[in-house]
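Single-structure report; data block below.
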Amino acid sequence: MTEKPSEVTTGAAALFPTLPTVEVNGQTLTMKRLGLSDALLGLKIFSSASAGVLRHAQSGDGNLNIGLALIAALPYAEEHVLQLLANVLGTTPKDLRNPDKFPLPVFNDIILALGEHPDLSAFLDNVGKLKESKVFDQLKQRIGLGNKKN
């Protein structure tokens, strides 16, 4: 007997997930869908920060906490972080810098909501699967990151 999946992975619900919202100055902002350009911007953010900084954003099981990683990378990738958040919220980096429009406490809510974004969760799940695949091992060998035999 086949079990039904516990998560919605097919049909219209998978194509149109419920997107996180953030309350800013009494206005509810719905985060936009994430796409390839957002993923590439995220990679720029994390590549800007040193491995030591990102190590502090790892949880006990060795997984990267996206919210902590964004905060840890902020001093090294301020423009990229602000651009990513602006893209997702449908605003501009200039507006994000304006404390009258985006007071400091709201950034905690934004980071938490981004961490719960269904597109981000799906992307990270797939990256995890890719990391375990033979393709990833072959790629690491080709770029010189694999284990080398003496």
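Read-outs: derived from the displayed coordinates by stated rules, not from any lab. Please read all numbers here as calculations on a predicted model, not as lab measurements. Glycine gets a Cβ as well: all are built from the backbone with ideal geometry, and neighbour counts include every protein chain shown.
Data for the structure
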read-out: Listed residue pairs exceeding 30 Å between alpha carbons, taken from K94/K129; K94/K131; K44/K101; value: K94/K129; K94/K131
read-out: Gain in span if fully extended, E79 to E116, counting 0.36 nm per residue against the direct Cα distance; value: 11.1 nm
read-out: Sorted by Cβ density within 10 Å, fewest first, the residues K129, K44, K134; value: K134, K129, K44
